[in-house]
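Asker: Attaching a single structure in structure tokens format; questions to follow.
What follows is calculated from the coordinates using simple rules that are stated; it is not laboratory data. This structure is a prediction, so every number in the text was calculated from the model and none was measured. Don't worry about glycine lacking a Cβ; one is built from the backbone with ideal geometry, like all the others, and counts go over all protein chains shown.
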Amino acid sequence: MRLIKLMSAGLVLALSVLSLTVSAEMKLAVVDVDRAIAGSEDAQKLLRQLQQEFSTDEDTIKKIQTEAAELLQKMQKDSDVMSDSEKRRIQQEIESLNNDFVYQRQKLQKEVAARQSELFAGTEDKVRKAIEELVLENDYDMILPRAAALYVGDLYDVTRKVTEKLNEMNQPQ
């Protein structure tokens with residue numbers, strides 16, 4: 001019985017040393033996938049496209065905001081000389097503008113989100129391929145999402161390299 005315990009302890013010790021050796025030789029990296037995608041030339045081009053598509057809607061929202069701010073200023077400045085009915089009318093107008101603002105902003109957010117998901121469809125495959133190429137070129141044993149680590153030094157962060165790979169993939173061959 002004592003011999004079995006001694007052999008078990010020896011085996012555990014040998015496995016511990018072996019696992020330390022194996023982990024010391026492992027080449028690890030982390031990647032912030034969202035930042036890699038956002039930094040790519042393709043994403044920047046799509047972002048500019050989205051800004052152009054929705055610029056008139058943004059202008060409409062800014063115009064509503066400006067009108068409401070002007071009415072509020074007018075009411076604060078002239079409230080002493082305004083009748084109660086005029087104050088109520090301006091308050092209702094401000095509330096109406098506020099409702100329009102909220103509606104337009106929510107509508108724009110939904111449209112932008114739908115358009116973004118449409119434009120970025122297939123990006124996951126590109127990212128996966130870019131990471132696979134990076135693994136093959138640099139002999140990484142494991143690349144983890146950046147969010148999975150509590151702390152990672154810049155040396156292990158390959159986000160910039162993934163972004164570069166994504167840019168290379170979009171270049172004409």
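Asker: Return the Cα extents of the range 53-118 along principal axes one, two and three, sorted largest first, each rounded to a whole Å.
Answerer: Cα extents, longest axis first: 53, 15, 12 Å.
Asker: Can you tell me the FRET efficiency between GLN92 and ALA114 if r is taken as the Cβ-Cβ distance and R0 is 35 Å, rounded to the nearest 0.05? Provide the component values of the computation, followed by the final result.
Answerer: Details: r = 33 Å, r/R0 = 0.94.
The computed FRET efficiency comes out at 0.60.
Asker: Hey, another quick one. When we measure straight from the Cα of LYS165, which aspartates and glutamates land under 17 angstrom away, once same-chain ones fewer than 8 places off are left out?
Answerer: Correct list for LYS165: ASP32, ASP34, GLU41, ASP42, GLU124, ASP125, GLU132, GLU133, GLU137, ASP139, ASP157.
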